Structures are given as C-alpha cells and as structure tokens.
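In what follows, a structure is listed as structure tokens, so that the remarks can point back to it.
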C-alpha cells in the first residue's frame, strides 16, 4: 500500500524551462514533507522540505508547494538546468515520530535537455 | 572526505552464502539507518539505530542482522542469501532520530544473488 505516490516515472524538460514534479500522499498523519535528489551510482541527497503549517517553501531555484486538502505536493525547478537531471524522491513523515518512519515515493526521473 | 561510506560498492554472490556490508559515517551523527531499494525502486527502511541502540526493526527476515559497534558504524550481515535479496542497500545517518534532520546517504551497495 503506497502511502507516498509519484505517478510520473519520468519527465523531460528543455533547459531554461520550468520542471514540475508531483507527489501525492494518503496518510493524514504526515505533517512534514521532503524532496531528495539522486544521481546514478550515488545515494540520495536532501534537497528541500516543507512543514504542513506552510503551503510554500523556496530555496533558490527550487520551490515546494503543499496542498493539504488535496494531499498533494509539487516541486518546481526554475529555470531547469542540465545538472538537475536526476531522480527526485518525494518523502513524508510525522514530525513527532522517528525519522526511520520516513516514507519514500518511487521517484521521478527528470531529464533536462540542453 | 566521504561523509557516509559503505563497502563494498558491488557484491555478487551465490544463494546460501553469508555476506556483510559495512557502513561508517564521519559526521558525528547519533542515528544510522539501513534502507533497501528493490527492483520496483522503492526505498524502504530496514533498521535504524540511535547511539548504538536499535530503534526501528521493520519486518525484514531475521537472516538480516545489523551490528553497531559504535555510533559511527552500522554494519549489515545477511545469512543464507536468497535471490529476492538482490537489491541496492543504502546506509544513511542523521543528526538525530526525532524531528527532522536531513538523511545523509552512502552511495549504495548493489547486491546480486545468483
């Protein structure tokens, strides 16, 4: 039973354009959401997070939007760069619980074409 | 200097063998984890240790046994390997187990059981 879903396995975007990666969750207890980025043959690295008390968090070219009523979050990358080509994992947790209960989605592979 | 290092990077072995994967972190973190990424690409928690104490032990077969000699090391020993154990195993660490602190992952160990 997938509690965190990334329904698009891949996304291709032209350099300079916006990349939008989507994520849905089912567990109402989740109140903290994260995005991790993974290059081939490397481990995931933390990118950006958002608490359920916010609906937007921005860090440079990366912005995460949270729609609690729809149980949906998205990651926007503007402008997209070839170096952004990677697999992006959405993850969710209950902030008061153990980090080991972090639930990951299957990932979306982003390809940014020059 | 690599923050979270795991060895070996690749491990090819036959069914029934016993193997170990080592993990070390030099970040001074209190919590370490083992994750498994299976063929469906899900990243799933297997174990987490906080200051050498087992915190989470997900429903993995007892053929898998983590060992934490000190808080900088968390090794994974697997007995009687089966075909279904083939996956990429990631070690990770975080500053604490509670609240949020980013997970720092190793580069993974690709285990192939033949």
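The values are calculated or read from the model by the stated rules, or taken from the named source; none is laboratory data. Just so it is clear, the structure is predicted and the values come from calculations on it, not from any experiment. All Cβ positions, glycine included, derive from the backbone under ideal geometry; neighbour counts span all protein chains shown.
The residue list B:55, B:78 contains one member that is under 26 Å from residue B:98 (Cα atoms) and touching a helix residue (DSSP H, G or I) at 6+ places or on another chain (Cβ under 9 Å), which is B:55.
Quick check: is even one residue across region B:5-19 part of a loop (DSSP other than H, G, I, E, B), within 26 Å of residue A:88 (Cα to Cα) and within 14 Å of chain A (Cβ to nearest Cβ)? Yes, because at least one residue in region B:5-19 is part of a loop (DSSP other than H, G, I, E, B), within 26 Å of residue A:88 (Cα to Cα) and within 14 Å of chain A (Cβ to nearest Cβ).
What's the number of the only condition in (1) assigned to a loop (DSSP other than H, G, I, E, B); (2) within 13 Å of chain B (Cβ to nearest Cβ); (3) surrounded by fewer than 19 Cβ atoms within 10 Å (Cβ to Cβ) that residue A:57 fails to meet? If we test residue A:57 against (1) assigned to a loop (DSSP other than H, G, I, E, B); (2) within 13 Å of chain B (Cβ to nearest Cβ); (3) surrounded by fewer than 19 Cβ atoms within 10 Å (Cβ to Cβ), just (1) comes out false. Considering only residues in region B:83-102 that are under 23 Å from residue A:33 (Cβ atoms) and not in a loop (DSSP other than H, G, I, E, B), the one that is farthest from the other protein chains (Cβ to nearest Cβ) turns out to be B:93.
Take the residues in region B:23-78 that are on the phi > 0 side of the Ramachandran plot and more than 10 Å from chain A (Cβ to nearest Cβ); name whichever of them is farthest from the chain's Cα centre (by Cα). The extreme case among them is B:28. Looking only at region A:94-110, decide whether some residue is crowded, with 21+ Cβ neighbours inside 10 Å, more than 11 Å from every other protein chain (Cβ to nearest Cβ) and within 27 Å of residue B:93 (Cβ to Cβ). For region A:94-110, residues crowded, with 21+ Cβ neighbours inside 10 Å, more than 11 Å from every other protein chain (Cβ to nearest Cβ) and within 27 Å of residue B:93 (Cβ to Cβ): present. If you take the residues in region A:15-36 that are surrounded by fewer than 21 Cβ atoms within 10 Å (Cβ to Cβ) and under 22 Å from residue A:114 (Cβ atoms), which one is farthest from the other protein chains (Cβ to nearest Cβ)? Among them, the one singled out is A:16.
Considering only region A:37-54, state which residues are outside any strand (DSSP E or B) and either within 14 Å of the chain's Cα centre (by Cα) or crowded, with 18+ Cβ neighbours inside 10 Å (or both). Once the filter is applied, which keeps residues that are outside any strand (DSSP E or B) and either within 14 Å of the chain's Cα centre (by Cα) or crowded, with 18+ Cβ neighbours inside 10 Å (or both), region A:37-54 yields A:43, A:44. Among the residues of this structure, residue B:49 does not count as one that is touching a helix residue (DSSP H, G or I) at 6+ places or on another chain (Cβ under 8 Å) and either in contact (Cβ under 8 Å) with a residue 40 or more places away in the chain or surrounded by 15 or more Cβ atoms within 10 Å (Cβ to Cβ) (or both).
Within region B:40-80, restricting attention to residues that are outside any strand (DSSP E or B) and touching a strand residue (DSSP E or B) at 6+ places or on another chain (Cβ under 7 Å), the residue that is nearest to residue A:91 (Cα to Cα) is B:42. For residue A:44, indicate whether it is facing chain B (nearest Cβ under 10 Å) and in contact with a strand residue (DSSP E or B) (Cβ under 6 Å, 6 or more places away or on another chain). So residue A:44 passes the test. If I filter region A:77-93 for residues that are in a loop (DSSP other than H, G, I, E, B), within 14 Å of chain B (Cβ to nearest Cβ), under 25 Å from residue B:91 (Cβ atoms) and modelled with pLDDT under 95, do I get at least one hit? No: zero hits.
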